[in-house]
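Visitor: Pasting a structure here, questions to come.
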Amino acid sequence: LQRTFSIIKPDATRRNLTGAINAKLEAAGLRIIAQKRIHLTLAQAQTFYGVHKDRPFFGELTEFMSSGPIVAQVLEAEDAVLKNREVMGATNPADAAPGTIRKEFALSIGENSIHGSDGPETAAQEIAYFFSGLELVG
Ligand code: GTP
Ligand code: MG
């Protein structure tokens, strides 16, 4: 089984969509093996999204990600990274396929309700940033 890292973003926690998003993840066969609700500081959001630091939307992205509570999660399944990217849908909700989380819930390309790791190596790094081994209950 593979693991991936997921974040339910502030636009979704604000609208009380944590359960609705978790239901979609679980229906796709992803098991939530760790989960916590936290509020990132701006500095923590900048560290987490450091790979995007030269992109024009970096300021907007990190301010948004530190604007309210998030739910950080570890998801486990066969091909978890790909499975999660499929159920998330395209970054821009206007391009997302019907039935995906972003199609149903996202507000815009920035406020797009969910983050998912883009590969197994990134997933391992992101999981280690948020969780200790003891918190992963597979
Ligand atoms: P993540 O799972 O959040 O990493 O999304 P992604 O992999 O589909 O997209 P990407 O890694 O390219 O971008 C990371 C995040 O930056 C996106 O999820 C958006 O929230 C935000 N983002 C990307 N492009 C734009 C943009 O043009 N404008 C704004 N405001 N935000 C953007
Ligand atoms: Mg990404």
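The values are calculated or read from the model by the stated rules, or taken from the named source; none is laboratory data. In this text, all values refer to a predicted model and were calculated from it rather than measured experimentally. Backbone-built Cβ (ideal geometry, glycine too); neighbour counts: all protein chains shown. Surface areas here come from the heavy atoms of the whole protein model, side chains and all, with no ligands, DNA or RNA. Shrake-Rupley method; radii C 1.70, N 1.55, O 1.52, S 1.80 Å.
Visitor: Just for segment 25-49: of the residues that are in contact with a Phe, Trp or Tyr (Cβ under 9 Å, 6 or more places away or on another chain) and farther than 23 Å from Gly133 by Cβ, which one is most open to solvent (accessible area, probe 1.4 Å)?
Guide: Among residues in segment 25-49 that are in contact with a Phe, Trp or Tyr (Cβ under 9 Å, 6 or more places away or on another chain) and farther than 23 Å from Gly133 by Cβ, the one most open to solvent (accessible area, probe 1.4 Å) is Gln46.
Visitor: Could you check segment 37-57 and list, in sequence order, the residues that are of a type in the set (D, E, K, R) and under 19 Å from Asp11 (Cα atoms)? Reasoning before the result, please.
Guide: First, the residues of segment 37-57 that are of a type in the set (D, E, K, R): 37, 53-55.
Answer for segment 37-57, where residues must be of a type in the set (D, E, K, R) and under 19 Å from Asp11 (Cα atoms): just Arg37.
Visitor: Determine whether segment 55-65 contains at least one residue that is within 25 Å of Gly138 (Cα to Cα), open to solvent by 40 Å² or more (accessible area, probe 1.4 Å), assigned to a helix (DSSP H, G or I) and of a type in the set (D, E, K, R).
Guide: No, the conditions are met nowhere in segment 55-65.
Visitor: Which members of segment 102-129 meet the condition of being open to solvent by 90 Å² or more (accessible area, probe 1.4 Å) and either within 15 Å of ligand 2 (Cβ to nearest atom) or closer than 19 Å to Gln44 by Cβ (or both)?
Guide: Ile109, Asp118, Glu121, Gln125, Tyr129
Visitor: Let me ask you something else. Could you list, in sequence order, the residues of segment 87-103 that are in a helix (DSSP H, G or I) and more than 15 Å from Ala28 (Cα to Cα)? Step through it out loud before you land on a result.
Guide: Step one: filter segment 87-103 for residues in a helix (DSSP H, G or I), giving 87-88, 93-95, 101-103.
Once the filter is applied, which keeps residues that are in a helix (DSSP H, G or I) and more than 15 Å from Ala28 (Cα to Cα), segment 87-103 yields Pro93, Ala94, Asp95, Lys103.
Visitor: Let me ask you something else. Return only the number of the condition from (1) in a helix (DSSP H, G or I); (2) open to solvent by 10 Å² or more (accessible area, probe 1.4 Å); (3) not hydrophobic (A, V, I, L, M, F, W, C) that Asn84 does not satisfy.
Guide: (2)
Visitor: Is it the case that Glu76 is within 15 Å of ligand 2 (Cβ to nearest atom) and not in a loop (DSSP other than H, G, I, E, B)? Before the answer, list the steps.
Guide: Numbers: within 15 Å of ligand 2 (Cβ to nearest atom): no; not in a loop (DSSP other than H, G, I, E, B): yes.
Judged against the criteria, Glu76 is not a match.
Visitor: Looking at segment 104-129 only, could you name the residues that are out of contact with any Lys or Arg (no Cβ under 7 Å at 6 or more places or on another chain) and part of a helix (DSSP H, G or I)?
Guide: Listed by number, the residues that qualify are Glu104, Phe105, Pro120, Glu121, Thr122, Ala124, Gln125, Glu126, Ala128, Tyr129.
Visitor: If you check Gly133, Gly99, which single one turns out to be under 16 Å from Ile21 (Cα atoms) and small (Gly, Ala, Ser)? Walk me through it before giving the result.
Guide: Details: Gly133 fails: under 16 Å from Ile21 (Cα atoms).
Unique residue meeting the criteria: Gly99.
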